[in-house]
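*Asks:* What follows is a single structure, and I will ask about it in a moment.
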Amino acid sequence: MSILSVNDVTHLYFSKNSKTTALMDISLSIEEGEFVSLIGPSGCGKSTLLSIIAGLISPTVGKVVIEGETVQENKKQIGYMLQQDYLFPWKTIKENILLGLKINGKLTAEKTTQSLQLLAEIGLSGVEEQFPTQLSGGMRQRVALVRTLATNPKLLLLDEPFSALDYQTKLKLEDLVFEILKQYKKTALLVTHDIGEAIAMSDRIILMSKGPGTIFKVFTIPDELKQLTPFEARNHPNYNEYFQQIWKELESFETEN
Ligand SMILES: Nc1ncnc2c1ncn2[C@@H]1O[C@H](COP(=O)(O)OP(=O)(O)OP(=O)(O)O)[C@@H](O)[C@H]1O
Ligand SMILES: [Mg+2]
């Protein structure tokens, strides 16, 4: 059964004297355990789609179903890492990463240990008692990722989680996140501008066209790449061929205008 299905979603933003059609007729479904990436030009509605799936905004038309129920009924199954990190500046890093667990009434000694361990795995031991302003942008992004994973959601929505990181850290984190998600059989929908990252991490890539965002094309990543870690996939002989293919599709949007 699909863990997520988005059915005929269209979304408009209204302001006093204008309206923007952000998404148009989006339908997609994601199977349990699948890793899907969403790529497309800036402003094509990727973050809007994630916010709709997370139930933060209601679509103008259409609906979202999570495991056969509405998002509102199934909110706790979703972990959403927003494009901006939104850590609470007055709370320490430790308090920030444990916040979701606390809100859900699931904060136990074991969960605390697990979350702090994840923080260490992601290369951030020793910052627990510091405040977000004392960390760099990339460090804060990693903290936000730990906070998202801490509540152990079934479906992860990740909006450019690695974009503020230096290249080396990004490659390391891709591998780490990939392994964590596989190990715990998580389902993920990742927004990225990085074609290479999408190929290296995903089972499927959904390419969206320029606003109003529609689904333009879906690429299925072949088994020989899917089985590899992101780092290995980037070094596979077939990687470049897929990269070129997707690159050309994205370029075709740029030349349209
Ligand atoms: N709160 C809002 N009110 C009005 N318009 C909005 C709002 N949020 C987004 N938009 C508009 O909707 C469209 C889609 O925006 P969205 O942030 O979803 O794009 P995106 O694909 O995530 O872009 P990026 O890659 O730059 O993050 C854009 O035209 C944007 O200006
Ligand atoms: Mg966005």
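*Asks:* Using the Karplus equation 6.51 cos²θ - 1.76 cosθ + 1.60 (θ = phi - 60°), what ³J(HN,Hα) coupling, rounded to whole Hz, does each residue of segment 217-234 give in order, writing x for Gly and Pro?
*Replies:* Listing the rounded values in order: 7, 10, 9, 9, 7, x, 3, 4, 8, 4, 6, 8, 6, x, 5, 5, 4, 4 Hz.
*Asks:* What residue among I221, I57, I122 shows peak mean-square fluctuation when the chain is described by a Gaussian network model with Cα springs under 10 Å?
*Replies:* Answer for the Gaussian network model of the chain: I57.
*Asks:* While we're looking at this one, here's another question. What are the ³J(HN,Hα) couplings of segment 73-83, residue after residue, when phi is run through the Karplus curve with 6.51, -1.76, 1.60 and θ = phi - 60°? Round to Hz, x for glycine and proline.
*Replies:* Whole-Hz 3J(HN,Hα) from phi for segment 73-83: 6, 10, 4, 5, 7, 10, x, 10, 9, 6, 4.
*Asks:* Now a separate question. So the label point goes 7 Å from the Cα of K76 along Cα→C-beta, right? Which residues of segment 136-174 then have their backbone N under 19 Å from it?
*Replies:* 147-157
*Asks:* Here is a further query. Taking the Cα-to-Cβ direction at Q84 and at Y13 and moving 7 Å from each Cα, how far apart do the two end points lie in nm?
*Replies:* The modelled label-to-label distance comes out at 1.2 nm.
*Asks:* What's the ranking of 97-104, 190-197 by average number of surrounding C-beta atoms within 10 Å, highest first? Walk me through the numbers on the way to the answer.
*Replies:* Numbers: 97-104: 17.8, 190-197: 20.5.
Result, highest mean Cβ count within 10 Å first: 190-197, 97-104.
*Asks:* What is the Cα centroid distance between segment 191-247 and segment 78-94, reported in whole angstrom?
*Replies:* Cα centroid of segment 191-247 versus Cα centroid of segment 78-94: 28 Å apart.
*Asks:* Okay, next question. Check every DSSP H run in the chain and write down those whose alpha carbon atoms cover 15 angstrom or more along the long axis and whose mean Kyte-Doolittle hydropathy is 1.6 or greater.
*Replies:* Result, helices passing both filters: zero.
*Asks:* Between E121 and K226, what FRET efficiency comes out of the Förster formula 1/(1 + (r/R0)^6) with R0 = 35 Å and r the beta carbon distance, rounded to 0.05?
*Replies:* That gives a FRET efficiency of 0.90.
*Asks:* Another question, then. What are the principal axis extents of the Cα atoms in segment 89-210, in Å, biggest first?
*Replies:* Taking the Cα atoms of segment 89-210, the three principal extents are 41, 29, 26 Å.
None of the figures in this text is laboratory data; all of them are computed from the coordinates on show. This structure is a prediction, so every number in the text was calculated from the model and none was measured. Don't worry about glycine lacking a Cβ; one is built from the backbone with ideal geometry, like all the others, and counts go over all protein chains shown.
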